[in-house]
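Following: one structure in structure tokens, then a few remarks.
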Amino acid sequence: MLLKLQDVKDNIEQWIVNFVEVPHPDLGGWAPCPYARKARLDRDFDVRLGLAPIHDLTQISRKGLDGKSVIIFAYDPKDVPYTELSYAIDVCNREFLVPNNLLALVQSLSDLDEKAQLVARKGFYDTWPHEYLTPLFKHRKDPRL
């Protein structure tokens, strides 16, 4: 069964509404992403069916975000297993995206770092588990420092 773009978009939007925008007690009452609701309402993200992760991510590193704040690539796990996707994201972040001020879930790295600084000053990361934050800031400026 092939992924259908509209189904993927609907699933991602439901995930944003039902998880990413929802305040969580383990995060000090913050939503996992305090900017997700505005991006969703402004339609400031794009969902695309990916072909091959390294190809897709290197292309976006050259072309940019096409006027969106976030671009989400979706892959069928039967075609792109987790280990392959994880490897591709790590390589592309290091070699192509971060040097071009981007980061997978493809978005502007400097914008993400700036927004992280703003919410860090308000205590956003204060209750997050350390073992989650370390990989989260692997390719980014740690706003807690």
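Quick note: the coordinates plus some simple rules give every number you see, no bench work behind them. Predicted model, so just to flag it, every value in this text is computed and none were measured. Glycine gets a Cβ as well: all are built from the backbone with ideal geometry, and neighbour counts include every protein chain shown.
Summary of computed values
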item	result
Peptides 126-138, 105-117 ordered by average Cβ neighbours within 10 Å, highest first	105-117, 126-138
Which of Arg94, Arg121, Arg40 has the fewest Cβ neighbours within 10 Å, and the rest in rising order	Arg121, Arg94, Arg40
Ascending count of other beta-carbon atoms within 10 Å, so fewest first, for Phe19, Phe96	Phe19, Phe96
Net length gained if the chain between Lys38 and Lys63 were fully extended (0.36 nm per residue, minus Cα distance)	6.6 nm
Share, in percent, of DSSP beta bridges within the chain that are antiparallel, nearest 5	50 percent
Computed lengthening from Leu3 to Lys141, 0.36 nm per intervening residue step minus Cα-Cα distance	46.2 nm
Computed FRET value (nearest 0.05) for Asp111 with Lys78, which takes r as the C-beta separation and R₀ as 35 Å	0.55
Rounded FRET efficiency, nearest 0.05, which uses the C-beta distance separating Val22 from Glu95 and R0 of 30 Å	0.30
Charge dipole magnitude, Cβ of K and R +1, D and E -1 - the chain, Cα centre, debye nearest 20	360 debye
Unsatisfied cross-links (Cα-Cα over 22 Å) in the set Lys38/Lys63; Lys9/Lys68; Lys4/Lys138	Lys38/Lys63; Lys4/Lys138
Listed residues Asp46, Asp56, Asp76, most fluctuating in the chain (Gaussian network, C-alpha, under 10 Å)	Asp76
Per-pair calculated FRET efficiency, R0 = 41 Å: Leu49 and Thr127 via Cβ, rounded to 0.05	0.70
Gyration tensor verdict on the stretch 33-78 (Cα atoms; rounded if a/c is under 1.5, prolate if a/b is larger than b/c, oblate otherwise)	oblate
Taking the C-alpha atoms of the stretch 5-136, convex hull volume expressed per residue in Å³	120 Å³
Whole-Hz couplings from phi, Karplus 6.51/-1.76/1.60, listed for the stretch 20-28; x for Gly and Pro	5, 8, 8, x, 10, x, 6, 10, x
